[in-house]
Amino acid sequence: MRTPSETFREGLQVFVRVFLDTNVIVSAFATRGLCADVLRLILIEHTLLSGDVVLEEVERVLSSKFGAPDSVIQEILDLFRRHPVEPKPEKPTPLPKSDPDDQWILASAICADSDVLITGDSDMLDLTTEVQRPVILDPREFWNLLRDQVETP
């Protein structure tokens, strides 16, 4: 039996609807690393999706944990609002059971009809065999899948 990521790899197309979890967005702006590269790639080659639930959490985390100025936070939120933003769903998903906030994020990704949800959250990543769509990948796996697609003739 193939895993969802193997199935995703086989069907990966040039344009993919990509939903980013809070931790990936925050990392993209708080550090200069893989998450920033992934975000740039998505902005150039894919359809970036987010949700009201995620953007509210991004705002809170950037303010309370990183002390980012309100003007910087607003610029980040404005960037994401120039792309499709899923309203808060009517109800959360029952998974993952360990974190109610993640239930809302997964519900948002599903309602947004995303192909892939990129997250660094281990509870969400543990759902890869339970959730068929969106495929749940960490930033490195997403990056490697795209790199492999480019390198494969």
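Phi angles of the stretch 124-130 translate, via the Karplus equation with coefficients 6.51, -1.76, 1.60 and θ = phi - 60°, into HN-Hα couplings of 5, 5, 5, 8, 4, 8, 9 Hz per residue; Gly and Pro are given as x. A simple rule links phi to the HN-Hα coupling: the Karplus curve 6.51 cos²θ - 1.76 cosθ + 1.60 with θ = phi - 60°, which for the stretch 23-28 gives 4, 6, 5, 4, 4, 4 Hz, with x for Gly and Pro.
Computing FRET efficiency as 1/(1 + (r/R0)^6) for Asp123 and Ile44, where r is the C-beta to C-beta distance and R0 is 41 Å, gives about 0.85.
At full extension, Lys97 and Glu130 could sit 10.7 nm farther apart than now, given 0.36 nm per residue minus the alpha carbon distance. If you compute semi-axes √(5λ) of the Cα gyration tensor in Å for the structure shown, which of (i) 39, 16, 15; (ii) 22, 18, 17; (iii) 24, 19, 13 do you land on? Recomputing semi-axes √(5λ) of the Cα gyration tensor in Å here picks out (iii).
Where a number appears in this text, it was derived from the coordinates with a stated rule and is not lab data. Source: prediction; values computed, not measured. Quick reminder, even Gly has a Cβ in these numbers, built from the backbone with ideal geometry, and neighbours come from all protein chains shown.
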